[in-house]
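Peer 1: Before I ask anything, let me first share the structure, which is written out below as structure tokens.
The values are calculated or read from the model by the stated rules, or taken from the named source; none is laboratory data. Just so it is clear, the model here is predicted, and its values are computed rather than measured. Because the Cβ atoms are built from the backbone with ideal geometry, glycine has one as well, and the counts that use them run over all protein chains shown.
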Amino acid sequence: MKTMVIGGAGFIGSNLCTELIREGHGVVCIDNFSLGKAENVSHLICEEQFELIEADATDEGALDGLFSKYHPEYIFHLAANSDIRESADNPEIEYRNTYTTTLRILSAMKKFDIKKIFFASTSAVYGDRRDEVLDENTSNLSPISYYGASKLGSEALISAFSYMNDMSALIFRFPNVVGGHLTHGVIFDFMKRLEEDPVRLIILGDGNQTKPYIHEADLIGAIMMLMDAPKGVSLYNVGTHGATKVTSIADIVCEEMGLKDVKYEYTGGESGWKGDVPRFRYCMDKIHATGWRARFSSDEAVRAAVRDILKERESHG
């Protein structure tokens, strides 16, 4: 199949490109390199079925040109601002990089009669519903971050375009994804801070924030398994077993980095930043009914991700 992965040089996108090539699909990887890096897909450059192109998904003319040239059969939409804290002071970032990319991509799909799309959504669309078990039918979605709002708006656009144009859309709402090629997030931040100061670690909030962390290999496996979705919108919560406290993440990072007697300093408050949801619980009955289950628990995913990053850094000298 001819596929186009938009945001394909980013953390999740680069791992998806690798798996698509391994499965024999052709891949056109599009990225504006705002967060993605060409080095994330450098191992694919010599593959005959792979092509890397620098382009911005908010550029209507650029997308039209790419769709016209490559005629993709399946669009994987991972273009977004994935750093929630970055947009807290500037919601325009989400409007442009998360919501507008979705509108431009769907419009190009309509124009070129492309019928299949995967969209990476988020648990943030639910808002702060910490005392509920969240399933796909949870009503009155009330995001508390600009990121969550733009993802929810994107879901609405996909729903309308799918109905009006007989498209097949697969949407995953997932929590924090971890693994190699991370560019931000709590694991990335902790490792960077400890490289700069190996005896003291500043932790945002009170350290009790508890969320599920899914390894990228599990997420990619779910995408590959369910990508042939029927007409209309197929929506799934995708997550893992258990959840991990922020302080436990710090413990794992220190242990894997071989650091002892690190002093933790907490900034205080139940959330790391305004718009952060300190805890939530997923219902995954729907996706489990398909036969998919995560291999890594949340704690295992965190530890595996730290090891992935350390191995990458070692290989880069």
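Peer 1: One residue is enough: does segment 227-234 have a residue meeting the conditions closer than 23 Å to N137 by Cα and β-branched (V, I, T)? Give the derivation first.
Peer 2: Taking segment 227-234 first, the residues closer than 23 Å to N137 by Cα are 227-234.
So of that shortlist, the ones also β-branched (V, I, T) come out as 233.
Checked against the condition, which is being closer than 23 Å to N137 by Cα and β-branched (V, I, T), segment 227-234 yields at least one hit.
Peer 1: All but one of (1) in contact with a Phe, Trp or Tyr (Cβ under 6 Å, 6 or more places away or on another chain); (2) in contact (Cβ under 8 Å) with a residue 60 or more places away in the chain; (3) under 29 Å from R313 (Cα atoms) hold for V28; which doesn't?
Peer 2: Here V28 clears every test but (2).
Peer 1: Of the residues in segment 129-173, how many are under 25 Å from M224 (Cβ atoms) and either among the small types (G, A, S) or not assigned by TED's automatic domain parsing to the domain that holds Y74 (or both)? Step through it out loud before you land on a result.
Peer 2: Pass one, segment 129-173, residues under 25 Å from M224 (Cβ atoms): 134-136, 151, 154-155, 157-159, 161-162, 165-173.
Retained after the next criterion (residues that are either among the small types (G, A, S) or not assigned by TED's automatic domain parsing to the domain that holds Y74 (or both)): 154, 159, 162, 168-169.
Of the residues in that region, 5 qualify.
Peer 1: What number of residues within segment 84-116 are at pLDDT 95 or above, of a type in the set (A, V, I, L, M, F, W, C) and in a helix (DSSP H, G or I)?
Peer 2: 5
Peer 1: Can I ask one more? Among the listed residues A38, A62, which satisfies the condition of being surrounded by fewer than 18 Cβ atoms within 10 Å (Cβ to Cβ) and over 23 Å from L170 (Cα atoms)? Even if it seems obvious, please write down each step before you answer.
Peer 2: On the way: A62 fails: surrounded by fewer than 18 Cβ atoms within 10 Å (Cβ to Cβ).
Matching residue, one of A38, A62: A38.
Rundown of residues vs (1) under 25 Å from F296 (Cβ atoms); (2) modelled with pLDDT under 95; (3) crowded, with 17+ Cβ neighbours inside 10 Å, yes/no style:
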| site | (1), (2), (3) |
| --- | --- |
| H241 | yes, yes, no |
| A250 | yes, no, yes |
| E256 | yes, no, yes |
| E265 | no, no, no |
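Peer 1: Now, a different point. Just checking, does segment 263-284 include any residue being under 23 Å from the mean Cα position of the chain (by Cα) and over 30 Å from L141 (Cβ atoms)? Can you show your working first?
Peer 2: Keep residues of segment 263-284 that are under 23 Å from the mean Cα position of the chain (by Cα), which gives 271-284.
Add one more test, that the residue is over 30 Å from L141 (Cβ atoms), and what stays is none.
No: zero hits.
Peer 1: Continuing with the same structure: Which helices (runs of 4 or more DSSP H) does segment 198-317 wholly contain that include 1 or more residues that are free of Cβ contacts under 8 Å to residues at least 60 places away in the same chain and in contact with a helix residue (DSSP H, G or I) (Cβ under 6 Å, 6 or more places away or on another chain)?
Peer 2: Working: elements: 216-226, 246-256, 285-288, 298-315.
The qualifying helices (runs of 4 or more DSSP H) are 246-256, 298-315.
Peer 1: Mind listing just one residue for me: the one in segment 110-120 that is buried (at least 22 other Cβ atoms within 10 Å of the Cβ) and of a type in the set (A, V, I, L, M) and, of those, farthest from G275 (Cα to Cα)?
Peer 2: Kept after step one, since they are buried (at least 22 other Cβ atoms within 10 Å of the Cβ), are these residues of segment 110-120: 117-120.
Going one step further and asking which of them are of a type in the set (A, V, I, L, M), we end up with 117, 120.
On the way: I117: 28, A120: 19 Å.
By that ranking, first place goes to I117.
Peer 1: Turning to a different aspect of this structure: Quick one: in segment 125-167, which of the residues that are free of Cβ contacts under 8 Å to residues at least 60 places away in the same chain and part of a loop (DSSP other than H, G, I, E, B) is nearest to G275 (Cα to Cα)?
Peer 2: This residue is P143.
Peer 1: Let me ask you something else. Do you know which of the residues in segment 17-45 that are in a helix (DSSP H, G or I) and touching a Leu at 6+ places or on another chain (Cβ under 7 Å) is farthest from F76 (Cα to Cα)? Explain how you work it out, then say what you get.
Peer 2: First, the residues of segment 17-45 that are in a helix (DSSP H, G or I): 17-22, 38-44.
With the extra rule that they be touching a Leu at 6+ places or on another chain (Cβ under 7 Å), the set shrinks to 17-18, 21, 38, 41.
On the way: C17: 10, T18: 13, I21: 14, A38: 18, V41: 16 Å.
Residue satisfying both the conditions and the ranking: A38.
Peer 1: May I pose another question? Test A120 against the criterion of being assigned by TED's automatic domain parsing to the domain that holds M167, among the hydrophobic types (A, V, I, L, M, F, W, C) and at pLDDT 95 or above, and give yes or no. It would help to see each step written out before you state the result.
Peer 2: On the way: assigned by TED's automatic domain parsing to the domain that holds M167: yes; among the hydrophobic types (A, V, I, L, M, F, W, C): yes; at pLDDT 95 or above: yes.
The answer is yes for A120.
Peer 1: Report yes if L170 is under 22 Å from the mean Cα position of the chain (by Cα) and either crowded, with 20+ Cβ neighbours inside 10 Å or not in a loop (DSSP other than H, G, I, E, B) (or both), otherwise no.
Peer 2: On the way: under 22 Å from the mean Cα position of the chain (by Cα): yes; either crowded, with 20+ Cβ neighbours inside 10 Å or not in a loop (DSSP other than H, G, I, E, B) (or both): yes.
Here the answer is yes, as L170 does meet what is asked.
Peer 1: Collect the residues in segment 178-204 that are closer than 25 Å to C17 by Cα and of a type in the set (V, I, T), keeping them in residue-number order. I'd like the intermediate steps shown before the answer.
Peer 2: Step one: filter segment 178-204 for residues closer than 25 Å to C17 by Cα, giving 178-188.
The answer is V178, T183, V186, I187.
Peer 1: For segment 121-163, give me the residue count where each residue is loosely packed, with under 14 Cβ neighbours inside 10 Å and among the small types (G, A, S).
Peer 2: Qualifying residue count, segment 121-163: 4.
Peer 1: Just one of (1) of a type outside the set (F, W, Y); (2) at pLDDT 95 or above; (3) outside any helix (DSSP H, G or I); (4) closer than 20 Å to Y213 by Cβ trips up E48, so point out which.
Peer 2: Failed condition: (4).
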